[in-house]
Amino acid sequence: MMMVSDDCLVECKIDDDDDEDSAGAGEEQLNTPPPPPEFASKAPTPPPKPPTPPAGLVAQTPTRPENRDPYGINQHLKVEVSDVLAEPDTPRSIDQVWFYSVVGFESARIWTYRCLSLLLAVPFALLSGVFLAILACLHVWCVVPCIQLSNTFLPCLRSLWMCVLNIFITPFCSSLAHFCSQIAISVSNKDWSLRAEKDIV
């Protein structure tokens, strides 16, 4: 059995006034010195947690602007001023002229697009939705069923077509082939000589 010396013992002073004050504050605080090294735990003490702010004071994180072209189908429309207007070093206009030209270009591009989209975006979106619905309806109810039915009935049609060929077309072609196989063409030397004379003349 291990004996503990008096030097390792720690005296804790508890004051009733401090307890009452801390109980009134809602927190219990004890001022105790750290334990001696023999009794200290080897595991590191976790760092204190930062105080959590009240729910009403939580700052809202700014949201990123939504990506309206996630698949990049309109990358070719990203036109800047430098893609259209550019001045070389030698012929240069007045700085104010260049500045207001750039401002006018950007303003005209942005506000014309906004006005046209205000007038045409909703109708064209409706038309696109109608066309897509018609295409989907035709694809679901016409194209795919026809393909599936043809894939289902093609073996039957193939068997029927093979029967038609074997009954009607195959005997006719076989008879024609037998008839033509009896034809013989013979060419004599006299014919070759007459042909050679005609070629010379």
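The values are calculated or read from the model by the stated rules, or taken from the named source; none is laboratory data. Since the structure is predicted, the reported quantities are computational estimates derived from the model, not experimental observations. Cβ: placed from backbone, ideal geometry, glycine included. Neighbour counts: every protein chain shown. We work out accessible area using only protein heavy atoms, side chains counted, and drop any ligands, DNA or RNA first. Shrake-Rupley method; radii C 1.70, N 1.55, O 1.52, S 1.80 Å.
Subtracting the Cα-Cα distance from 0.36 nm times the residue separation, let me have the gained length for Trp161 to Ala133 in nm, one decimal.
6.2 nm
How far, in nm, would the chain grow between Leu176 and Gln96 when pulled straight, counting 0.36 nm per residue and subtracting the alpha carbon separation?
19.5 nm
Using a 7 Å offset from Cα along Cα-Cβ at Val79, what residues in the range 88-103 end up with backbone N under 18 Å from the label point?
It comes to 101-103, nothing else.
Using a 1.4 angstrom probe and counting only protein chains, how large is the accessible area of Leu154 in Å², to 10?
90 Å²
Heavy atoms only, 1.4 Å probe, whole protein assembly: order Lys198, Lys78 by accessible area, highest first.
Lys198, Lys78
Provide Glu66, Glu197 ordered by accessible surface of protein heavy atoms (probe 1.4 Å), highest first.
Details: Glu66 140, Glu197 110 Å².
Heavy-atom accessible area, descending, gives Glu66, Glu197.
Where does each of Asp89, Asp83 land when they are ordered by accessible area, with a 1.4 Å probe and the largest first?
Working: Asp89 130, Asp83 100 Å².
The most accessible residue leads, giving Asp89, Asp83.
Which one, Tyr113, Trp98, Ser174, projects farthest toward the positive side of the charge dipole computed for the range 60-201 from Cβ point charges (K/R +1, D/E -1)?
Farthest towards the positive pole: Ser174.
Given points 7 Å out from each Cα along the Cα-Cβ axis, report the Leu194 to Gln148 separation in nanometres with one decimal.
The modelled label-to-label distance comes out at 7.2 nm.
Roll a 1.4 Å probe over the protein heavy atoms and report the accessible area of Ile169 in Å², nearest 10.
The accessible area comes out at roughly 70 Å².
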